[in-house]
Amino acid sequence: MIKEYIISSNGKEPLNSHYYSTNHPSIYAAAERIFGSWGNAINAAGLDYNAIRKYKIWTRMRIVQTIRKKSKAGEQLSSQYIQNNCKSLYMAAVHHFKSWGQAIKASGLDYNKIRMRRSMTEEQIRAEIIRLYKSGEDMAYSNIRKNHQYLLAYGMKKLGGGSWAEARRACGIMENFRLPKEKRRPSKIRMKKCWQPGLF
């Protein structure tokens, strides 16, 4: 019963000993009595307690800083992705902010946009890159990395095979952004009307 309870709680609330001894003392006491320690109970449920207890080093400030750093680097910040790839951060965020969405908001980011970005198709990525280009945005890697991290990451992954220059070319943008602006030759591109910009 204890193992089943732990498994059902995984991903919904912190599973470290301090949290459970404070919020679920009867479960915690039963686990220690049956398994010898809370850590043993966690491991018996098939979870890695060493990873779970890492949440203790997370403070509200560190959580916010880490989220902002990941955002700046263009990393995915959806709830599902963080749960699968950075469990300790997710659990700490739930502990300190009650939910991952609240942690995102506390970091100054728009979680609705983050959720939408997760489902961007190649067509939408291409349309957004072209829209920025036609609006006069500097499409050099350094500027896109600074101001449009999510688009850089998705463009490189889905259009450019890991290259931002190739992602631009896939959108018909042949301009060499390594040259000074006055020496660049603008590309003529027609926007398709299949996607309405402004979602992001």
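The values are calculated or read from the model by the stated rules, or taken from the named source; none is laboratory data. These numbers come from a predicted model, not from an experiment. Reconstructed Cβ throughout: ideal geometry from the backbone, glycine too, with neighbour counts over all protein chains shown.
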Open item on the list: Which condition from (1) of a type in the set (Gly, Ala, Ser); (2) at pLDDT below 90; (3) in a loop (DSSP other than H, G, I, E, B) is the one that SER142 breaks?
Closed with: (3)
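From the list LYS87, LYS70, which residue is of a type outside the set (Val, Ile, Thr) and under 16 Å from SER9 (Cα atoms)? Outline the logic, then answer.
Numbers: LYS70 fails: under 16 Å from SER9 (Cα atoms).
Being of a type outside the set (Val, Ile, Thr) and under 16 Å from SER9 (Cα atoms) holds for just one of LYS87, LYS70, which is LYS87.
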TODO: Using the structure shown, decide if THR22 is at pLDDT 80 or above, surrounded by 15 or more Cβ atoms within 10 Å (Cβ to Cβ) and in a helix (DSSP H, G or I).
DONE: no
Task: Filtered residue count, segment 55-97, keeping only those that are free of Cβ contacts under 8 Å to residues at least 24 places away in the same chain and over 24 Å from ALA153 (Cα atoms) - done: 2
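From ARG185, ARG178, ARG118, ARG190, grab the single residue that is modelled with pLDDT under 85, charged (D, E, K, R) and within 19 Å of ALA73 (Cβ to Cβ). Please lay out each step first, then the result.
Working: ARG185 fails: within 19 Å of ALA73 (Cβ to Cβ); ARG178 fails: within 19 Å of ALA73 (Cβ to Cβ); ARG190 fails: within 19 Å of ALA73 (Cβ to Cβ).
On inspection, the qualifying residue turns out to be ARG118.
Can you find a residue that is in a helix (DSSP H, G or I) and closer than 30 Å to HIS18 by Cβ anywhere in segment 111-130? Before the answer, list the steps.
First pass over segment 111-130, keeping only residues in a helix (DSSP H, G or I): 111-117, 122-130.
Those still in the list that are closer than 30 Å to HIS18 by Cβ too: 111, 114.
Yes, there is a match, as at least one residue in segment 111-130 is in a helix (DSSP H, G or I) and closer than 30 Å to HIS18 by Cβ.
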TODO: Sort through ALA30, ALA41 and tell me the only one that's part of a helix (DSSP H, G or I), touching a residue at least 24 places away in the same chain (Cβ under 8 Å), buried (at least 16 other Cβ atoms within 10 Å of the Cβ) and not assigned by TED's automatic domain parsing to the domain that holds GLY108.
DONE: ALA41
